[in-house]
Amino acid sequence: MPKIVFLPHQDLCPDGVVVEAETGETILDAALRSGIEIEHACEKSCACTTCHC
């Protein structure tokens, strides 16, 4: 399984985390599944750019 490294961020993920992602899973979905609450105002349709930090 692919691994995604989320670096520490004081508001979203203070300690950082390494997440195993399913093949074909988006980075946003992997983050949300792991409890990292990234804003996504367009409900993951890639229309608003709020999840592009």
> Which value at 222 nm does the chain reach when only helices count, each DSSP H run of 4 or more adding -39,500 (n - 2.57), with the total divided by all residues and rounded to the nearest 500 deg cm²/dmol?
Replying inline: -3500 deg cm²/dmol
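Rounded, prolate or oblate: pick one for the chain, where a ≥ b ≥ c are the square roots of the eigenvalues of its C-alpha gyration tensor, a/c under 1.5 means rounded, and failing that, prolate if a/b is larger than b/c, else oblate.
Details: a/c = 2.35, a/b = 1.16, b/c = 2.03.
It comes out oblate by the Cα gyration axes.
Can you give the local net charge around V18? Use residues other than it whose beta-carbon is closer than 14 angstrom to its beta-carbon, Lys and Arg +1, Asp and Glu -1. Please list the in-between numbers first.
Values: positive: K3, R33; negative: D15, E20.
Net local charge, V18 excluded: 0.
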> Counting Lys and Arg as +1 and Asp and Glu as -1, each charge on the Cβ, what is the dipole of the chain about the Cα centre in debye, to the nearest 20?
Replying inline: 120 debye
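Since every read-out is calculated from the coordinates, none of them should be taken as a lab result. Predicted, not measured: the structure shown is a model, and the values here were computed from it. Note that each Cβ is placed from the backbone with ideal geometry, even for glycine, and that neighbours are counted across all protein chains shown.
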